[in-house]
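Please treat every number below as a calculation from the coordinates, not as lab data. Remember, it's a predicted structure, so these values are computed and weren't measured experimentally. Reconstructed Cβ throughout: ideal geometry from the backbone, glycine too, with neighbour counts over all protein chains shown.
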């Protein structure tokens, strides 16, 4: 049977999964990650869930195509709602917004009741997700940037107390976790450019409601520039 090939984004997620322990791939779509794990010798149960029937059927077809359908259990459900917490030690939630990821975790409080590893890849609102994790008893363990046509953010987290975030770190991740990433400088430059544009637009506004947003934009830009000063060569 030919090995399944994953995109750079999905391969990054798959390689973060420990060899042992039950794995839940939430919003599995075509089921590529569970199939890859099955083909690459994962030693425990694999679960694939999706809230919609069509992608779950696609996942089943992928598993059948690659001869792995007997190694993966499929569930039509919202998030983790149909799974037994005692069987899961790793949860993958990828390809959706940070708010949706937070909602799924909020509905599965058992994910912070023990050593459950979360592998998360928000397509948007990553800062919202980091703030939510911090406020709800999770600690971010690692941050990764993946170039797969666009730059994607991947983070792992687990139950625990985290350090507070600066405004810049909410956007890009804790400095000590992300600053050594090969894509960090480019990502930071992109955030600085966006913050400068936002500040320019708000500075020209005469709306009273934009005053608080202007203050926030100034704080964010200042924090980003401080992060740049501390990590780029010669403080450039």
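Which residue out of 145, 118, 133 is assigned to a helix (DSSP H, G or I) and closer than 23 Å to residue 10 by Cα? Reasoning before the result, please.
Details: 145 fails: assigned to a helix (DSSP H, G or I); 118 fails: assigned to a helix (DSSP H, G or I).
Checking each option against the conditions leaves just 133.
Name the strands (runs of 3 or more DSSP E) wholly inside the stretch 1-87 in which the number of residues that are within 20 Å of residue 115 (Cβ to Cβ) is 3 or more. Walk me through how you get there before you give the answer.
Values: elements: 23-26, 46-50, 72-76.
Filter on the stretch 1-87 gives 23-26.
So the check is Cβ under 7 Å with 6+ separation or different chains; which pairs have a first residue in the stretch 135-161 that's on the phi < 0 side of the Ramachandran plot and touching a residue at least 60 places away in the same chain (Cβ under 8 Å) and a second one that's exposed (fewer than 14 other Cβ atoms within 10 Å of the Cβ) and not in a strand (DSSP E or B)?
Final answer for the pair search is 146/8; 147/8; 148/7; 148/8.
Say whether the condition of being buried (at least 21 other Cβ atoms within 10 Å of the Cβ) and assigned to a strand (DSSP E or B) is met by at least one residue in the stretch 180-196.
Narrowing the stretch 180-196 to residues buried (at least 21 other Cβ atoms within 10 Å of the Cβ): 188, 195.
When the remaining residues are screened for being assigned to a strand (DSSP E or B), the result is none.
No, every residue in the stretch 180-196 fails to be buried (at least 21 other Cβ atoms within 10 Å of the Cβ) and assigned to a strand (DSSP E or B).
Among the residues of the stretch 56-83, what is the count of those that are under 18 Å from residue 7 (Cβ atoms) and surrounded by fewer than 18 Cβ atoms within 10 Å (Cβ to Cβ)?
2
Please specify each residue of the stretch 162-187 satisfying the condition of being closer than 21 Å to residue 124 by Cβ, within 18 Å of the chain's Cα centre (by Cα) and touching a residue at least 40 places away in the same chain (Cβ under 8 Å).
Once the filter is applied, which keeps residues that are closer than 21 Å to residue 124 by Cβ, within 18 Å of the chain's Cα centre (by Cα) and touching a residue at least 40 places away in the same chain (Cβ under 8 Å), the stretch 162-187 yields 168, 169, 170, 171, 172, 173, 184, 187.
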